[in-house]
Amino acid sequence: MKAHIINRYVFTALILIFSSELFATAATDYEQGVAAYKAGDNASAVTYFESALKQGMDSISLKYNLASSYYKVGRYEEAKRYFKLLNKTLEMRDIAEYHLGVIAVKEKDRVQAQGYFSSVVNSGKDEKLVKLSNKYLRALVVKEDRWKSRLSLNLGYDDNISSVSEDSVLDTADSFYELSASSNLLIDGSRKNGWLADVAVYGIAYSDIDTNDQHVIVLGVERAMQFAGWDTGAHLSVSDITYGGDDLQTVGQLNFRGRKTISKNQWFNMRYRFEDIKSDQSIYDYLEGWRQRISFEYQNLKKNHISLLQYEYELNNRGELVTSIGTYDYSPTRHTVRGIYTHFINKQWWLTGDISYRFSDFEVSETLDRDDDQWMFGLSTDYRFDKTFKLTAKYQFTDNTSTIDVYSYDKSVIRVGISKMF
């Protein structure tokens, strides 16, 4: 027999022998890992299972036992990694999601835990896992407070105070204080499927120019419900508004909202608002009429940030102010695009950037058209003492450019304040 043929047989035999020894060693380590796991020696089980994995064993049972051992010794990140791999296999999906739910409970992530357990229940393939998941789901239900309230107080400075029209400006600077408070009551059912009533007050008072002070009182009722995978609500409210110490408007508003969960970290929101605006004094009759707005939002939550994109379309059917020097229209058609990005520096410090562009088309007269382009930039930082109490500092710059010069302006507003939820 030729030498090269003999060498080939010898080489093949060595490979087979070496591979068999490796497989035998991996299988032995796996068996020892199982024995250690059953004996409660989870640290040793991890060592044996990791050794079997390094030697090339790649079975579902090894991944499951390794993930379970990681969980037993508190190495949750490694456990999650292997349970998520098992979650991709049809036969292991329910048991993997159950264990991922248990880990989420350990990490105090209630929302994620509910998602995993609900998935197991909806699958319904394993009666024992369904029973255990339902038990966790019942324990995770948080009893809802009947009352929820919020109080906010800001001090600020505005270098160009806007008038009641929201279009013309006084070109005057002033400092101000701002107070807002709201409270809602759960009348019946839950906040996702029930009846709620609410009240809110808002006030802004300027240090020197009290003719621009504004106060608002709102009373409302809402019906919240879950429909076809959407969290929805219909809200009816009435607002009484004073301006400069005088009665200004009474506004009735009908608000429809919908929120759809796309994934565990993504949401899509829709909102439609109709306002019926009535003047409380004849001098403000030109502001009477209706306003409609519809908006679409996309939210994405990551580990250290949340981003929001929004588009809003607005229609108005209000009056005109006719004076000896001109006619002023208050029924624009508007398009607004907005983006908000919040970065979580840590649990206490949050940083938010806010940018929007608004295009407004006014039909001033048959011969005169008015278009406005408005950019708004905002930057704010929050210091959160806890989940209910925070300190906020915010800077906002607005630049409005109009085809009619009198409506072109820019303004900067600085606010520092605190807010508390109860």
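Throughout, read-outs are computed from the coordinates displayed, never taken from laboratory work. Computed from a predicted structure; not experimentally measured. Note that each Cβ is placed from the backbone with ideal geometry, even for glycine, and that neighbours are counted across all protein chains shown.
Once the Cα atoms are used to define both axes, helix 3-38 deviates from the longest principal axis of the chain by about 60 degrees. Restricting segment 380-416 to trypsin sites (Lys or Arg not before Pro) that sit in a DSSP loop and have at most 15 other Cβ atoms within 10 Å of their own Cβ leaves 387. Specify the residue with the greatest mean-square fluctuation among 75, 223, 318, computed from a Gaussian network of the chain linking alpha-carbon atoms under 10 Å apart. Per the Cα network of the chain with a 10 Å cutoff, 75 tops the list.
Residues 129, 236 in ascending order of nearby Cβ atoms (within 10 Å, fewest first): 236, 129.
Under the convention that each Lys and Arg Cβ holds +1 and each Asp and Glu Cβ holds -1, the size of the dipole of the chain around its Cα centre is about 3980 debye. Explain nothing, just the number: dipole magnitude of segment 175-288 about its Cα centre with +1 on each Lys and Arg Cβ and -1 on each Asp and Glu Cβ, in debye rounded to the nearest 20. So the magnitude is around 1220 debye.
Please give the helix 127-140 orientation as an angle from the longest Cα principal axis of the chain, in degrees from 0 to 90, rounded to the nearest 10. Helix 127-140 and the main axis of the chain meet at about 40 degrees. Averaging 1/r over every pair of different alpha carbons in segment 236-322 and inverting the result gives a Kirkwood radius of 15.3 Å. Electrostatic tally near residue 382: other residues with Cβ closer than 10 Å to its Cβ, Lys and Arg +1, Asp and Glu -1, net +3. Of 63/264; 72/347; 303/387; 84/302; 264/420; 303/347, which ones are farther than 23 Å apart at the Cα? Long pairs (Cα-Cα over 23 Å): 63/264; 72/347; 264/420.
Placing unit charges on the Cβ atoms of the charged side chains and taking the dipole of the chain about its Cα centre, the candidate lying farthest along the positive direction among 279, 197, 133 is 133. Computed from Cα positions, the angle between helix 76-86 and the longest principal axis of the chain comes to roughly 80 degrees.
Taking the Cα centre of segment 34-180 as origin and assigning +1 to Lys and Arg Cβ atoms and -1 to Asp and Glu Cβ atoms, the resulting dipole is close to 1580 debye. Counting only residues at least eight positions apart within a chain, or on another chain, the aspartates and glutamates with an alpha carbon under 17 Å from that of residue 411 are 158, 159, 166, 167, 171, 174, 354, 372, 373, 399.
Provide the net charge surrounding residue 339, with neighbours chosen by a C-beta distance below 14 Å and charges set as Lys +1, Arg +1, Asp -1, Glu -1.
Counting the neighbours of residue 339, the net charge comes to -1.
Derived from the Cα gyration tensor, the three semi-axes of the equivalent ellipsoid of the chain are 62, 26, 21 Å, largest first. Pairs of Lys residues in segment 90-231 are counted when their Cα atoms are under 27 angstrom apart and they lie 8 or more places apart or on different chains; the count is 21.
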